[in-house]
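Only the coordinates and a few stated rules stand behind these numbers; no lab work does. Quick caveat, the model's predicted, so the values are computed rather than measured. Every residue, glycine as well, gets a Cβ built from its backbone with ideal geometry; the counts of neighbours run over all protein chains shown.
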Amino acid sequence: MDKKVEQKTKQTDKPKKDKSQNPMRKIKIEKVLLSVGLKESGEPVERVFKLVKKITGSNPTRTQTTRNARTFRLRRGLDIGVKVTLRGKKAELFLKKALGGVEDKLKKSCFDNNGNVSFGIKEHLDIPGEEFDPTIGIFGFNINTTLTRGGFRIRRRKVKAKSIPTSIRIKQDESIDFFKKNYNVSLL
């Protein structure tokens, strides 16, 4: 009976494979979303629209209110914000530039357990290379980054769409390591 136990332990003591070499485990940037929310509509939205177009080089879209809010003098359908989604090389270049605005330092709370990273910039002048334009003014914005890896397509496919298994989900420590390695980010 002792021999059977020894054989079972020998079978389970096999060395584990190094999963970091698997190309499907490689983390990539899926998209970067830059958004600016304002308290009012009208001319400030147009100024922010010009600013976002200048910073990103892409054509942004305006966000609209979905409800009436009399206390803020807003009604349904008014433009109160601007957003733009960047993908591919444009997203990577903008993210490097935006991380310079926070001096390549992020809090651990900026990273979640689903592969998302979010941080804000108080003034667009903090970004290296940006200068003050009196016709635009000074605005801050939020930057949300979504990370992905091979196999994430199963949640978006039309036939047999499923949720992402926990084995391929991007955990908080993996996304922190990705940003440290690729963007030289340090944690506060």
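Conditions tested, residue by residue: (1) surrounded by 13 or more Cβ atoms within 10 Å (Cβ to Cβ); (2) basic (Lys, Arg).
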position: GLY129; (1), (2): no, no
position: PHE132; (1), (2): no, no
position: ILE136; (1), (2): yes, no
position: LEU147; (1), (2): yes, no
position: ARG156; (1), (2): no, yes
position: VAL159; (1), (2): no, no
position: GLN172; (1), (2): yes, no
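Please enumerate the residues belonging to the range 135-168 that are of a type outside the set (Val, Ile, Thr) and out of contact with any helix residue (DSSP H, G or I) (no Cβ under 9 Å at 6 or more places or on another chain).
Step one: list which residues in the range 135-168 are of a type outside the set (Val, Ile, Thr), which gives 137, 139-142, 144, 147, 149-153, 155-158, 160-163, 165, 167.
Passing the criteria: ASN142, ASN144, PHE152, ARG153, ARG155, ARG156, ARG157, LYS158, SER167.
Restricting THR166, THR146 to residues that are among the polar types (S, T, N, Q), over 14 Å from VAL36 (Cβ atoms) and touching a residue at least 12 places away in the same chain (Cβ under 8 Å) narrows the list to THR146.
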